[in-house]
Amino acid sequence: MVFNSFPFLIFFTIVLFLYYIIPLKYRYLVLLSASYFFYGYSNLRHVLLLLSVTLISFVSGKAISASQSKKHQKNIVILSASLLIFLLLCFKYQSFVISNVNYIFKANITIEKIIVPLGISFFILQAISYPIDIYRGDVKEEKNFLRFALFVSFFPQILSGPISKSKEMLPQFKKHHKYESNNILDGLLIVLYGLFKKVVIADLLAVGVDNVFNNLLDFVGIPLIVAVFLYSLQIYFDFSSYSNIAYGCGKMLGFELNKNFDVPYFADSIKNFWSRWHISLSTWFRDYLYFPLGGNRKGMTRSYLNLIIVFLVSALWHGGAWTYIVWGGLHALYQITERQFEFHFKNKFLNILKTYLLISFAWIFFRARTINDALYVITNMFKIDFIGIRSQLKSIGWDKFDLIILALSVLIVFTLDFLNYKKEMSSKITNLNYKFKLLIYLILIFTTLIFGHYGPGFDKADFIYLGY
Amino acid sequence: MNKKLEKIVVYLVFILALIFLLQKTSLLFVRKGNGYGTDVLNFYKQENNSIDVLVLGSSHAYSAINPYLIEEETGLNAYNFCTQQQPVWITYHYFKEALKTQNPQYVILELFTVIDGEGDYAEESVNRDAIDKMRISLNKIETIRVSVDKKEDRIPYYFNIIKYHTRYKELNATDFKTAFLGETLDNKGYIALPKTDYIFPEQKLRNDEKAEIYSKNLKYLNKIIDLAEDNNMELILVKTPALYDEQSLARLNTIKKIAENKNIILLDYVNNMETLNLDYSNDFYDHGHLSGTGSDKFTKKLIEDLNLN
């Protein structure tokens, strides 16, 4: 079940209703049942995996709490993390490993294709972090298994994050969330804003981007450049919209989920970008990989090596493909170059532009189906083809109405982003008069209904990060 | 006004505005049709209990029966509540819809889709033509349920905007007039089709055999019969002139038997076409539809056969 679907609308309405009519102390059970239903809706068998992951993490946490020996505790952390990573490898990286083994050893190993469980990369990271948090003393053992199971499976975030830390979420699951109309009003506003970004902008961008990247050989020069920049917008609108909806749903239920995006394309350096893009993932890797590796405390060379490791692991986390590895490698290279040569302009705008161009270039590898496709884009994007350009731009697949809608809606969102960048906008929106919020609801609902890319005749685009 | 009351009023206004705008945008974007058959919105504008003769069926009905001529000749107010290729299960729900506001003396059911309709579901364009402009009600929901197979495909029928929102690229004056001025096609559901080059062939086919009616058609034909009976209305089954094969004639014979058993009038103008004095070069639009001149001759004969005057 995905957020931009009719079943989810019905599901969430029922959950919200049940959640607020049930006595406070049992409300987490409503959420747990809803979360397991939500997860099992698309594939019931994957619920077993979710349960196993939850059990491994919970039992490890219990064992760590029970143990007095730091060494013993550390061994349990290593064991549980290894087990969970092993599960991730089995489900997600099988075909990548086998295709590479076949390539290197000229072998012909085949296996039955496994359907990768949705959200596996997200909930396994949460499950890995819990025993570590107990080991570090950041959080106390959660004694209630059901409450812990909710932490791993909480439906607004299980499929695509934001990835939460146990110390942030477990206390929230213990808290009794009373009904507050402001939570509903604000949460719904954020959900509607997310849906607008997904259905009006990201899915329309997807049409053009897919047309180019799925038929690369038909395009040369400017259309390729256009597609690269548009993909940078698509992935931002798509993923940030998911985070908005997750955050908004959480808010309506009384929870504060992590902020996952903070106007990332206004970043003035690659380092700054990673503190604004997929924040919950970058902080996870920082806290549970980069710091344990020594961070930047062990000298420059070691810190660069750590950076490379973190980015390569992060790249692989997105999926078993060389395209991701090159994408991660590029980001590591960018950061090292930035640090080593202090590659910054004096003008802030130029730094923002430079950062955006570098990021967009790296996205080519993230989007391309193969390394060869990415190399085709790079080697052909600066070629000039004046004769074919009109027909190529036409075959991107948008008409003048689509272009107007795209231009206007991107402008609106970036203006809001810019205002947010300058000042904290979200608190101002929260403080708006409720009548004004209701008016914004109407505007968002009807612009999405009318200009959205949905309904019969449209290929419904899944959220990009549902694939990870 | 205290704050709590003010909040309730504001939320109420918001919900009403949401419903109002949803209804208006649905009307604005919905496909307006091509003037063939009933504009359902126009049917809703008819004064309560003002229709004396309710005509149900498909294009065979709305092109053959001229309600204006009925009114002129008999003083009875007739209305063709029909859409193209309308399957019988939609006709049944149209009948129910009509009974919400009307109490007709005569209900004429044209039998084309009862006889020739096959399959449990019609094409989307046929469903859309019939269902899109129906007012939201339990009857509409039930119409959608029996007309559309997959549950997920029914959703865009409940909310037209899902289907038609991309029409923002082609909106015209008619769309706005329909949505905001309530303009509808006032034609009593009738269309006088033009004369074409089509020449209706002499039909000498006779068949006394009976053949099975498609089960879903039969089920809803019986429901229509029961509904008319429950409401003490005179139901008249009519088959308008058309080029028929043996199979269709055999099915028509089956319906004749049903009508006979239930004491219902059935007027068969396929086997009795000669009584209409039709000009085969001018009075047919094609093998199943009469032209304007043909419909006038047909309507006059219908009035005569039913003793409406």
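Observations on the model:
- Of the candidates B:Asp186, B:Asp153, B:Asp132, B:Asp149, the single residue that is among the acidic types (Asp, Glu) and open to solvent by less than 50 Å² (accessible area, probe 1.4 Å) is B:Asp132.
- B:Glu142 being part of a helix (DSSP H, G or I) and modelled with pLDDT of 95 or more: yes
- Residue in the range B:266-281 that is under 21 Å from B:Tyr92 (Cβ atoms), surrounded by fewer than 21 Cβ atoms within 10 Å (Cβ to Cβ) and under 22 Å from the mean Cα position of the chain (by Cα) present: yes
- All of A:Asp417, A:Asp373 fail the test of being part of a helix (DSSP H, G or I), out of contact with any strand residue (DSSP E or B) (no Cβ under 6 Å at 6 or more places or on another chain), more than 14 Å from chain B (Cβ to nearest Cβ) and under 18 Å from A:Ala202 (Cα atoms), apart from A:Asp417.
- The set of residues in the range B:165-176 that are surrounded by fewer than 17 Cβ atoms within 10 Å (Cβ to Cβ) and facing chain A (nearest Cβ under 10 Å) comprises B:Tyr168, B:Lys169, B:Glu170.
- Total residues in the range B:60-79, condition in a helix (DSSP H, G or I) and buried (at least 24 other Cβ atoms within 10 Å of the Cβ): 4
- Any hit, the range A:59-67, residues being surrounded by fewer than 16 Cβ atoms within 10 Å (Cβ to Cβ) and either within 30 Å of A:Met1 (Cβ to Cβ) or touching a His at 6+ places or on another chain (Cβ under 9 Å) (or both): yes
- Residue within the range B:80-100 that is within 14 Å of B:Lys188 (Cβ to Cβ), buried (at least 23 other Cβ atoms within 10 Å of the Cβ) and among the small types (Gly, Ala, Ser) present: no
- Each residue in the range B:145-164 was checked for being under 20 Å from the mean Cα position of the chain (by Cα), within 14 Å of another protein chain (Cβ to nearest Cβ) and either free of Cβ contacts under 8 Å to residues at least 24 places away in the same chain or not in a helix (DSSP H, G or I) (or both), and 2 pass.
- Considering the range A:84-134, the residues that are under 17 Å from A:Leu316 (Cα atoms) and aromatic (Phe, Trp, Tyr) include one that is surrounded by the fewest Cβ atoms within 10 Å (Cβ to Cβ), namely A:Phe86.
- Just one of the listed residues (B:Asn232, B:Asn222, B:Asn207) is outside any helix (DSSP H, G or I) and free of Cβ contacts under 8 Å to residues at least 40 places away in the same chain, namely B:Asn232.
- Residue in the range B:105-120 that is surrounded by fewer than 20 Cβ atoms within 10 Å (Cβ to Cβ) and either within 14 Å of chain A (Cβ to nearest Cβ) or acidic (Asp, Glu) (or both) present: yes
- Of residues in the range B:201-226 being in contact with a helix residue (DSSP H, G or I) (Cβ under 9 Å, 6 or more places away or on another chain) and closer than 30 Å to B:Asp296 by Cβ, the one most open to solvent (accessible area, probe 1.4 Å): B:Arg206
- Residue that is farthest from the other protein chains (Cβ to nearest Cβ), among those in the range B:1-49 that are closer than 16 Å to B:Asn187 by Cβ and free of Cβ contacts under 8 Å to residues at least 60 places away in the same chain: B:Gln46
Quick grid of which residues meet (1) among the β-branched types (Val, Ile, Thr); (2) at pLDDT below 95:
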site: B:Tyr94; (1), (2): no, no
site: B:Ile108; (1), (2): yes, no
site: B:Leu111; (1), (2): no, no
site: B:Asp116; (1), (2): no, yes
site: B:Tyr121; (1), (2): no, no
site: B:Arg135; (1), (2): no, yes
site: B:Pro156; (1), (2): no, yes
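- When the test is whether a residue is assigned by TED's automatic domain parsing to the domain that holds A:Lys198 and modelled with pLDDT of 95 or more, A:Leu406 does not pass it.
- Selection of first residues in the range A:211-230 that are farther than 22 Å from A:Ala407 by Cα and at pLDDT 90 or above and of second residues that are open to solvent by 70 Å² or more (accessible area, probe 1.4 Å) and charged (D, E, K, R), restricted to Cβ pairs under 9 Å at least 6 apart or on distinct chains, gives the following pairs, ordered by first then second residue: A:Asn214/A:Arg369; A:Leu216/A:Arg369.
- From the list A:Ile450, A:Ile378, A:Ile412, the lone residue that is modelled with pLDDT of 85 or more, open to solvent by 20 Å² or more (accessible area, probe 1.4 Å), within 14 Å of another protein chain (Cβ to nearest Cβ) and in a helix (DSSP H, G or I) is A:Ile450.
The values are calculated or read from the model by the stated rules, or taken from the named source; none is laboratory data. The structure displayed is predicted, hence computed values, not measured ones. Positions of Cβ are backbone-derived with ideal geometry, glycine not excepted, and every protein chain shown enters the neighbour counts. Note: areas computed on protein heavy atoms with side chains; ligands, DNA, RNA excluded. Shrake-Rupley method; radii C 1.70, N 1.55, O 1.52, S 1.80 Å.
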